[in-house]
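The values are calculated or read from the model by the stated rules, or taken from the named source; none is laboratory data. What you see is a predicted model, and the numbers here were worked out from it, not measured in a lab. Cβ sites come from the backbone with ideal geometry, for glycine too, and all protein chains shown count toward neighbours.
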Number of protein chains: 2
Amino acid sequence: MAPEGKLDFLFNPRSIAVVGATDSKGKLASIIMESLGNAGFKGKIYPVNPKHSEVRGMPCFPDIKAIGEAVDLAVIAVSSSTAVEVIRGAAGFLKGAIVIGGGFSETGFNGAALEAELKEISNKSGVRIIGPNCMGIFDTISGVDTFFIPRERAKRPGLGRVSVLSQSGSFALIAMEEFASEGIGVARVVSYGNKADVDEADCLDFLAEDSSTGAALLYIEGISDGRKFVESAARCAKKKPVIALKAGRYGAGGGAARSHTGAMAGRYELYRAAFKKAGVIEISGYEEFIDAGRVFSRFPGAGGKRVAIITDGGGIGVSMADECAAHGLIVAQLSDEKVEKLKKTFPSYFTVSNPFDLTGSATDESYGDALTETLGGDDFDIAIVAALWGPPALTDALPARLAEIAKNSGKPVIICSPGGEYAKAKKRLFEEFGLPVFSTPEGAVRAAAALSKSKV
Amino acid sequence: MAPEGKLDFLFNPRSIAVVGATDSKGKLASIIMESLGNAGFKGKIYPVNPKHSEVRGMPCFPDIKAIGEAVDLAVIAVSSSTAVEVIRGAAGFLKGAIVIGGGFSETGFNGAALEAELKEISNKSGVRIIGPNCMGIFDTISGVDTFFIPRERAKRPGLGRVSVLSQSGSFALIAMEEFASEGIGVARVVSYGNKADVDEADCLDFLAEDSSTGAALLYIEGISDGRKFVESAARCAKKKPVIALKAGRYGAGGGAARSHTGAMAGRYELYRAAFKKAGVIEISGYEEFIDAGRVFSRFPGAGGKRVAIITDGGGIGVSMADECAAHGLIVAQLSDEKVEKLKKTFPSYFTVSNPFDLTGSATDESYGDALTETLGGDDFDIAIVAALWGPPALTDALPARLAEIAKNSGKPVIICSPGGEYAKAKKRLFEEFGLPVFSTPEGAVRAAAALSKSKV
């Protein structure tokens, strides 16, 4: 279990009240009740709705006070004005709330007034609020799941080491689905929306102390308190990698971010400076977000920027070298000494260079030897292995062999396995042995670039 | 059928001699014999090998002359020195040859001498040669398939409108596999390797006149005759989009390209200038190569750079707008007039802007209305629709509705469908109706950017 942090009652609640609970299928609160069951939440669940006396066979309470004992977390799935009243009425009986509905500052003047009210109630009562206009929390450790899209439409990822903080609910949901379908696990996921109270900095404070979290991955549209963010991010980044995507970087995107969660997108340059100051690894776009989720699930970082590329397909090797150069990675050349040694080991048609091209004559053994030689000593910090499955001598024993060498070296090894169904089937073999697999040369290099920026 | 072009005997041969033919399983010539059958080649096949009198139940000839009639194409799968002798001996009986084996200029001095000899024989005898050190031709029109990786390891794509020219065999093979697994078809694929004779310019001359080819997609490491390339590419680009990836752009990559196919990678800036002059659309990397294959299978180009983004997930909309800005696309704002009109049509919580955010309340109808309104008039050149499947009101009728509107508008509509299994299952619906589907916001935008650069 995670040590008690300031927001532990949000991530590991002992009890959850679902406000707006109903048996009416398809309603948000109904989906959430079901999700909590599916996610394996072990605490108490209290349905709350003045219109019902029973929901899903459980007694339903007219309001939170009526539950008769303090509740850790209320998930509030009612209209915006009712949500404000519910939290006001529950003050003293409630530690935290997730307000999932919209109708607040993202909709204009009236909504902004309601959100200000929510903020004031939180300040006065001490009830910590996630949202409004969010999807809340999905947590593989505690089994909390307030993402109100049913599982048949959006599969949930399994247990993993990366925690996700996202201002956008849809972005978080889509990333979760992608992680689920790619076999990438997560620890905690928070969609915090308009952040009337709890913001990314508060969540980072929790994640910094959370032993279940190995890396924090953020989707940010706008930050309102820059100093607070930098302090929290820097504290967290000292302990584990903090990776952030700033969306709304440019004119048009900035406009979209503004209307989307009611945040001023702010000037991109300020964000870059803040990330740099805090030791946050900046990434760009959805693809890099997924790449980062995949690679930081396996490795905390790399010791530097020197990349060894090993492949049996020259064109893919060249493409990776190009991409490395574009990302500031160094495709370092082998020392003359090592070249001499390797030329003796390998047949003449192998290209002993970087990229290291084993050609269509590649074998499991030659891959193993090339990886051992490049990772040994202090020539390289990361290896990318693109084993295309054309060469007939390659077998299903290759992944275990490479994983063993990777493990012994203590350095990150990234697999690139582009192509069709045959390559996709082989991907799993590498993943079973703990090596992250990317489907494109660019994905593998983006991951290496992110790793190389980690200070952990 | 394609009209007769200069190299028609290579792409649409009436007869093929397979030199090195054998029944010994796993040998290159054996795989090629099988591939020709699988690809549906309808012409005559002549096994050639002095060691056998029969191969696959067919009479086997000791050499090409012994066949007794002129052969359109010889596929030569023997050692490098033997290959040279075979072509020398067949002069006068042979129009074209594919030399698939390596051991030529990519291996050093002796190989380079053999390649020079090959070149001389070609010049003197008029035998046109593809290769050496290549995988040759895969052609869905004629059924030629000399890619010597068996189908259980590398599926072949179906019939399509994009033709691929690649200096790297492994790159071509991996792209073909990816196309096959993604349902993207191809017309002609050529891996031309060291190009002792036939080069990308010769192939472009053929593709320019080829009615089966709607777009030409090139992977280039180095071009030796820049003027010839620019002339051919410009001629082709006037008729159909020509899209090119220059690999080996940077230092390290440049080195890899050099040793890989024996070509001097040359300075990247010269290539950029040549592409620009010829009207070639430049792309970067494997991902953009696949994206281009997908989008140019459906559309020849767009009228300009103004992109409308329609989504039900704000965060994905913001991400796409960012990516558009990064690629020089214009996320143009709606006219005040149109905003007024649309605000009357749509509920207040829809964001009438660009990106156009239909939110979780999106319906098939609202998607249709938004697309109709944005594509109508002259405000936009391309639409990207990212329909995330969270909103419960979206149905399987959405793809047909959007496809109909796209068709009537005459403008390209690109679908972005990121996420997991649910989204992947829905992808097919769009594709059935002829709309290209991308799995990431970046992919969709890269495709839009490539389309916007087409002059066709």
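For this structure, a couple of remarks:
- Members of region B:102-131 found to be part of a helix (DSSP H, G or I) and within 27 Å of the chain's Cα centre (by Cα), listed by number: B:S105, B:E106
- Count of residues meeting criterion [closer than 21 Å to B:D145 by Cα and surrounded by 15 or more Cβ atoms within 10 Å (Cβ to Cβ)] in region B:45-57: 7
- Options A:A386, A:A393, A:A370: the member that is within 14 Å of chain B (Cβ to nearest Cβ), under 23 Å from B:G102 (Cβ atoms), hydrophobic (A, V, I, L, M, F, W, C) and in contact (Cβ under 8 Å) with a residue 60 or more places away in the chain: A:A386
For every residue, the table says whether it meets (1) touching a helix residue (DSSP H, G or I) at 6+ places or on another chain (Cβ under 8 Å); (2) more than 30 Å from B:A112 (Cβ to Cβ).
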{"site": "B:I31", "(1), (2)": "no, no"}
{"site": "B:N38", "(1), (2)": "no, yes"}
{"site": "B:H52", "(1), (2)": "no, yes"}
{"site": "B:A66", "(1), (2)": "no, yes"}
{"site": "B:A70", "(1), (2)": "no, yes"}
{"site": "B:A77", "(1), (2)": "yes, no"}
{"site": "B:A83", "(1), (2)": "yes, no"}
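- Residue list for region A:149-183, filter: more than 9 Å from chain B (Cβ to nearest Cβ) and either surrounded by fewer than 24 Cβ atoms within 10 Å (Cβ to Cβ) or at pLDDT below 95 (or both): A:R151, A:R156, A:G158, A:L159, A:G160, A:R161, A:G183
- Verdict on B:D364 being farther than 23 Å from A:A175 by Cα and touching a Ser or Thr at 6+ places or on another chain (Cβ under 6 Å): yes
- Test: residue in region B:35-50 that is closer than 19 Å to B:I87 by Cα, out of contact with any Ser or Thr (no Cβ under 8 Å at 6 or more places or on another chain) and either touching a residue at least 60 places away in the same chain (Cβ under 8 Å) or in a loop (DSSP other than H, G, I, E, B) (or both): yes
- Failed criterion for A:G101 (all others in (1) out of contact with any Phe, Trp or Tyr (no Cβ under 7 Å at 6 or more places or on another chain); (2) away from every other protein chain (no Cβ under 14 Å); (3) under 25 Å from A:R156 (Cβ atoms) hold): (2)
- Scope region A:399-428; condition more than 14 Å from every other protein chain (Cβ to nearest Cβ) and either over 16 Å from A:L375 (Cα atoms) or part of a helix (DSSP H, G or I) (or both); matching residues: A:P399, A:A400, A:R401, A:L402, A:A403, A:E404, A:I405, A:A406, A:K407, A:N408, A:S409, A:R428
- Whichever residue in region A:429-456 is outside any helix (DSSP H, G or I) and within 12 Å of another protein chain (Cβ to nearest Cβ) and, among such residues, is surrounded by the most Cβ atoms within 10 Å (Cβ to Cβ): A:T440
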